[in-house]
Each structure stands twice: as C-alpha cells, then as structure tokens.
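K.L.:
Shown below is the structure under consideration.
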Amino acid sequence: MNAQATNEAMDASSPTTLASLRDWVDQVAKLTTPDAVEWCDGSDAENKKLIDRMLADGTLQTLNEETNPNSFLHRSDPSDVARVEHLTFVCTTEEDDAGPNNHWMSPVDGHRKMDELFKGCMKGRTMYVIPYCMGPIDSPLSRCGVEITDSPYVVANMRIMTRMGEQALKRIEREGKFVKGLHSIGELDPNRRFIMHFPEELSIKSYGSGYGGNALLGKKCHALRIASHQAKSEGWLAEHMLILGVENPEGETHYIAAAFPSACGKTNLAMLIPPESYREAGWKIWTVGDDICWMRPGADGRLYAINPEAGFFGVAPGTGSDSNPNAVKTLSRDAIFTNVALTADNQPWWEGIDGDALPTVDWQGRLYDPTNGPAAHPNSRFTVSAKQCPSYTDEAENPAGVPISAIIFGGRRPSLVPLVFEARDWNHGVLVGASMGSETTAAATGAVGVMRRDPMAMKPFCGYNFADYFGHWMSFADDNDNLPKIYHVNWFRKGKDGKYVWPGFGENMRVLEWIIDRVKGEASAVETPIGNLPSAEDLNLDGLALSEDAVQTLFDFDRTGWAEEFKNIGSFLDEFGDRLTPKLRKEHAKIVDQLND
Ligand code: GTP
Ligand code: SPV
Ligand code: MN
C-alpha cells in the first residue's frame, strides 16, 4: 500500500493516517508480539505472495491445473471444521441485553480471558492487517471493519469474501469508524477456543479456530452479530438471508430475501435455474447474495437490501449439475476448497459432485476408506468470488440496494409444515419468523438432525436479546404499509418412506412464481389459522411426478398437529419473559384461539 506522507507522526510501517487504527494495531502487536506486521492492500501481487507462502508451508495444496485452474485445497485441523456455538459469546454490560439466545460474559471478563490467550500468541508468525468493506464500496448501507489475523488463509478468504484493501482503508479513514476484529488461530486447541463479541464497542476477539464463520470475522461475527446490534439502534436489519431477483417474462424483476438456517438451502435457492418450461417462457433468476442481507426502509417505505459480501463460502457436498449448475460453473476456477476429498488426478471431490471419478484421499488427507465416513467433510466448503457466478447481477453492486418484494422463512421440517404459506400481514410474519424450527446441520459442531427453534435463522447470529430483536422487527410496521409480504416454505418435508416429497432445487421456482403472483394480487390461497395456503391447483405442478399422497402431504393443513406446534411455540416465547413485545404474544394467542375453534 502506498504510504502517503500526509502525517508526520505516521509510523513508517503503518500506511494509515487514522490514529485510532494505528494505535489499535500497535497495541495488538505489543500484546501478540508477531515477527512482522503486514498491511494488506488487496493487490494481486500480495495475494500471489501469500498463496506461495501457503503452498510452501502446506497450508494450501494446488489442485489439477487443467480442471481447476488457480484453485487450492486447504485442510483445516480435524477438530476445527465448523462454527462452535457453545464457545461463541456476546459480551454486553447487562446480561439481559445478550438474552437467553446467547452465551454471555461481561466485557471485562471477556477481554481478560481473550487477552490472556492473545498474549505472545503471534511469536514466530506474521500479523496481517486487513481493512475491509462489507457491501459495495460506495454504498451508504455498507459498513467497514479491520481484521487483524495471523492466518494467511484468512487473508486469502477475506480477499474473496469482502471488498478488501486499499479502497476499504480509504473509506475507513474518511469515516473514522470501523469494527475491530482480532483473530489468531492460536494452537487450534478446542480447549483454548473462543469467539467473543463486544457489540457496545464494535469489536470482536476470536482465538483458536481457523474455520469459516469463526475466523473470517467480516462474515458472521461482523455482518450478523455486531451488525444486528448496530442495526437495532440505527433502524435497519442485518439478516441471515439470501437475496435473489425473479425476472418474469414481461421483464419485471422482483427481489426476494430468504432466511433458512445454516446448510438449509440459501446458496441453492439464490442460484436457482428455473425448469425448462419456465426458461422457455422467459423466466430468469438473478443472484444478489447467498448468506447475508442488510436492509433498511427507503423513502417509499420499501426495504432496500444489499449483500454485504463479495463472495460465496458455500457448502460443497450436494453441489452438482443436477442440483446447482450455476455453482458448478462458478467453481470452475480461482476457488479455495476447504476439507473436500481428492481424486487420483488431484481434482476436488465431494459427495454429490458431477462425473464418475472416485475419491482416493479423504478430507483429512488419508487414503479414502468408506468405513471412515464420507470422503468430504459434510461441512466442507468452497470460497469463490460472486462475480464468477453466471446468474450474479450488476444490481448486487447498486449502492442503493434492491427493493424487496417478499421475505421467505424456512427450515428443515420433515413433518407438519406445508410446502408454502403466506403470513396475513407483517406482524403475523414476524411471528412466523420467530417460531421457525429446523433440524440442526453439520454447519455447527454438535448433533445433526435435532429439531430446534431457530428464529429468522438467526439463533447462532443475533448479537442481542431475541425479545428485543422481535420487537425491532415489529417496529418496522409502524406507519409503513409498503413492507414486503412474508412467506414460509419447507423443501424438506418427508413421506412415509423417509424420502423428501418435494423435488426441490430448480423446481422451487414454482413456489417463487406463486409468491410473486400473490405479491401482485394475482394468485389464490385458502385462509387458515396459520396463514394463507395455496391449494395444489394454485401452484403450477405441470410435469412433476407427484403422487396424490405427496400432494396431500405438501398442501394439507393439519389442525391438530399445528395446535401442538403452537403450544411448543408458546413455551419457546415464554423463555423471553416480560421483555417480549406483547404484540408477538397477541399474534400467538390469536392463532391459538383459531386453532381451538
Ligand atoms: P450456509 O452457507 O451454511 O448458511 O447454508 P445454505 O443455507 O446456503 O445451504 P446450501 O444452499 O448450501 O444447502 C445445504 C444443503 O441443503 C445441501 O446439501 C443442499 O444439497 C441441500 N438443499 C438445498 N436446497 C435444497 C432443496 O431444495 N431440496 C433439498 N432436498 N435439499 C436442498
Ligand atoms: C453458516 O454456518 O451459516 C455459514 C458458514 O454460512 S460459516 O461462515 O462457517 O458460518
Ligand atoms: Mn450461513
């Protein structure tokens, strides 16, 4: 980075004029005692130098240059392959501000614990300083941060996932305000691993993990936990949502944001390719983002959304030409693969990948042996620039954001929950989001397939008390009738044979079409206590081989089952006590009454 000689007091090694940034970097260097400090400018030359360094020390491996040009494999420590919710803390002054949805520690204790771990931890290592911007560099909706890390793998990933380097630093210097993220891989010891957030100070300290959401601090730590807290006080929303555009044959595009829990289908829906009959008629899907959405009301009351990220950190297993052809094309070059398997000719491999090649080496680098489990880790991931995605739209770079016509909530629900239903109004929609349930996945450590409440897909990511969060959501409806309509979908309903009833993936287009038609007031639905349900005739099911039984499973409303579900939702809401907005309780009580009628 060009050190501008604009400030005489500027330290020779620091390219910034911003005293608060320089001081913080100096303090961190004093605490962690690295051998060298490198400020990242985001240039190609810098990236090449880092990649070469990682190839030399084994952090990365090259892949087959013919099939996967400029792409690399990284194997993380086998104990470090997913987010660690039990080690993730929100440190607010008042415990109640973090809420029952978070692990809490006081800021004083949090800092003390982390600073002990960080003491001297970068000895023998290089400390990298990464200025980054979440969102288009010139958008008023974007927010900046600086991550300090001793992991070159983190630098390489942040370079793909954020707008990183010189431009971001300029914006930070102009604004004088940034989120401070301090990260060290430490010893990768699960007993010395913590991800701590200090939302009141806009800071993050993460130690002992090099993996995804634990280490790429711009992502979940900043863009969700810290940003949700900031959004609450500034009147916007930071959500675990994809953003897509649906272009109809008339050439109009409606944007939709959708919240599904981790590994529940956001990347896949964001990159959807419509079935052939839809494509022939002129329907198109445009990708804006696959994981995070920041949105705020515009002057017209509509919510305008940006994707704060610049790349995808997506789930590899299950990604193939039959499920997600856009992702397959996106991954054809310049990608980092983490914890996937390898074929004999050094191509990345995972369960569900195209072709007949077999894995020879598993995600841990062992000769593949099926008795050891899957060849690729179930939470193996790819990191790749969004610009490589064929369906990525220029609108994703629009500093004003895109106007959202509908919000969709959804989760893995093998029973009870129909394919799709519509909330009656915003406040009912907030209850629909707040009562979301889903089976856990491999994206976080712990048991997989266990049903839990995951409101708005934000259980692991809301940086403050859910009671306040639901109230914040509801506050948007005060004096505003231009908010998006709210829906709930379930691609994961299972039949008696234990198999998914709905074909999913590209066929989800049929549900999106109904949603857009409802937004335009052009499709029918049946009113039920849980919301407005389409009947099977209201959706285009042409060409799908669904049995009578399947159709019934997908479209039926099970009153007895829902009465039981609403009892459970009531107990869940009880956990938030008096702090919960009475409006949410009222929505719940109204439906319970109707269910018992
Ligand atoms: P995070 O990056 O963890 O936040 O996940 P995500 O929500 O982006 O999940 P993703 O789209 O990567 O999907 C995760 C898993 O769900 C993959 O194994 C997919 O194959 C599967 N999946 C996605 N969409 C569908 C669908 O429509 N039907 C079925 N049955 N499975 C799906
Ligand atoms: C998720 O778990 O929701 C992810 C992956 O998107 S990670 O970045 O590891 O959090
Ligand atoms: Mn996610």
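The values are calculated or read from the model by the stated rules, or taken from the named source; none is laboratory data. The shown structure was predicted, so the numbers you read here are calculated from the model rather than taken from an experiment. As a convention, Cβ positions derive from the backbone with ideal geometry for all residues, glycine included, and neighbour counts pool all protein chains shown. Side chains are part of the model used for accessible areas, which takes the heavy atoms of the whole protein and leaves out ligands, DNA and RNA. Shrake-Rupley method; radii C 1.70, N 1.55, O 1.52, S 1.80 Å.
K.L.:
Enumerate the lysines that residue 170 could reach by cross-link, defined here as Cα to Cα under 20 Å, with residues fewer than 8 away along the same chain left out.
P.N.:
Hits, sequence-local ones excluded: 180.
K.L.:
Please list 296, 171 from largest to smallest accessible area, probe radius 1.4 Å, with all protein chains kept in place.
P.N.:
Values: 296 70, 171 15 Å².
If we order 296, 171 from most to least accessible, we get 296, 171.
K.L.:
Going by amide H atoms built from the backbone, whose H comes under 5 Å of the H on residue 291, apart from near neighbours?
P.N.:
Excluding prolines and chain starts, which carry no amide H, the hits are 243.
K.L.:
If you take every DSSP beta bridge fully contained in the chain, what fraction is antiparallel? Give it as a percent rounded to 5.
P.N.:
Working: 60 of 94 bridges.
Percent antiparallel among DSSP bridges in the chain is about 65.
K.L.:
Hey, can you rank 413-419, 246-252, 535-541 by average C-beta count inside 10 Å, highest first?
P.N.:
Sorting 413-419, 246-252, 535-541 by mean packing, highest first, produces 413-419, 535-541, 246-252.
K.L.:
Now, a different point. Which order do peptides 377-387, 90-100, 215-225, 72-82 fall in by mean Cβ count within 10 Å, highest first? Show your work: numbers first, answer last.
P.N.:
Working: 377-387: 22.6, 90-100: 18.6, 215-225: 28.9, 72-82: 20.4.
Top of the packing list down: 215-225, 377-387, 72-82, 90-100.
K.L.:
Hey, can you grab everything whose amide H is under 5 Å from the amide H of residue 392? Only 5+ residues off in sequence or another chain; H modelled, so Pro and N-termini drop out.
P.N.:
287
K.L.:
Cα-based Rg of segment 312-388 per 2.2 N^0.38 Å, rounded to two decimals?
P.N.:
Working: Rg = 11.8 Å, N = 77, 2.2 N^0.38 = 11.5 Å.
Ratio of Rg to 2.2 N^0.38 Å for segment 312-388: 1.03.
K.L.:
Hey, got a sec? Which trypsin sites (Lys or Arg not before Pro) in segment 455-499 land in a DSSP loop and have at most 15 other Cβ atoms within 10 Å? Present the calculation step by step, with values, prior to reporting the outcome.
P.N.:
Numbers: sites: 485, 493, 494, 496, 499; in loops: 493, 496, 499.
Within segment 455-499, the qualifying trypsin sites (Lys or Arg not before Pro) (loop, at most 15 other Cβ atoms within 10 Å) are 496, 499.
K.L.:
Once you have a ≥ b ≥ c as the square roots of the Cα gyration tensor eigenvalues for segment 365-482, tell me rounded if a/c is under 1.5, and otherwise prolate or oblate according to whether a/b is larger than b/c.
P.N.:
Oblate, because a/c is 1.5 or more while a/b does not exceed b/c.
K.L.:
Return the long-range amide H neighbours of residue 410 (sequence gap of 5 or more, or a different chain), with a cut-off of under 5 Å between placed amide H atoms.
P.N.:
Answer set, sorted by chain and number: 259, 489.
K.L.:
Moving to a separate point now. Of the accessible area of the chain, with the probe set at 1.4 angstrom, what percent is carbon plus sulfur? Working shown, then result.
P.N.:
Values: 11000 of 22760 Å².
Carbon and sulfur: 48 percent of the exposed surface of the chain.
K.L.:
Please calculate the 1.4 Å probe accessible area of residue 469, with all protein chains present, and give it to the nearest 10 Å².
P.N.:
Accessible area, nearest 10 Å²: 0 Å².
K.L.:
So which of 232/459; 485/520; 494/520; 387/459; 284/494; 177/387 end up more than 22 Å apart, counting from Cα to Cα?
P.N.:
Details: 232/459 16 Å; 485/520 10 Å; 494/520 31 Å; 387/459 30 Å; 284/494 29 Å; 177/387 28 Å.
Beyond 22 Å between Cα atoms: 494/520; 387/459; 284/494; 177/387.
K.L.:
If you add up the charges near residue 475, with Lys and Arg at +1 and Asp and Glu at -1, over every other residue whose beta carbon is less than 12 angstrom from its beta carbon, what do you get? Could the numbers behind the result be given before it?
P.N.:
On the way: positive: 232, 583; negative: 468, 478, 479.
Within the 12 Å Cβ shell, the charges total -1.
K.L.:
Given a cut-off of 46 Å, what percent of all Cα-Cα pairs of the chain lie beyond it? List each step's numbers first, then the result.
P.N.:
Numbers: 22646 of 177906 pairs.
Value for the chain: 13 percent of Cα pairs lie more than 46 Å apart.
K.L.:
Computed FRET efficiency, Cβ-Cβ of residue 191 and residue 93, R0 25 Å: what is it to the nearest 0.05? Each step should come with its number before you reach the end.
P.N.:
Details: r = 28 Å, r/R0 = 1.10.
In this case the efficiency is close to 0.35.
K.L.:
Got a sec? Charge dipole of segment 1-151, +1 on Cβ for Lys and Arg, -1 for Asp and Glu; which of 16, 82, 67 is way out at the positive end?
P.N.:
The listed residue farthest towards the positive side: 67.
K.L.:
For residue 596 paired with residue 371, estimate the spin-label separation in nm (one decimal), with each label point 7 Å from Cα along the Cα-to-Cβ line.
P.N.:
In this crude label model, residue 596 to residue 371 measures out at 5.7 nm.
K.L.:
Let's test the formula: R0 of 35 Å, r as the Cβ-Cβ distance of residue 321 and residue 300. What FRET efficiency results, to the nearest 0.05? Intermediate results must be reported in sequence, preceding the final value.
P.N.:
Values: r = 40 Å, r/R0 = 1.16.
That gives a FRET efficiency of 0.30.
K.L.:
Which of the DSSP-defined H helices in the chain satisfy a minimum axial length of 18 Å, computed from C-alpha atoms, and a minimum mean Kyte-Doolittle hydropathy of -1.0? All intermediate terms of the calculation are to be shown ahead of the outcome.
P.N.:
Values: long enough: 19-32 (19 Å, -0.12); 44-57 (20 Å, -0.87); 559-574 (22 Å, -0.62); 582-596 (21 Å, -1.13).
Qualifying helices: 19-32, 44-57, 559-574.
K.L.:
Just grab the label-to-label distance for residue 234 and residue 354, each label 7 Å out from Cα along the Cβ direction, in nm (one decimal).
P.N.:
Spacing of the two 7 Å Cα→Cβ label points: 4.1 nm.
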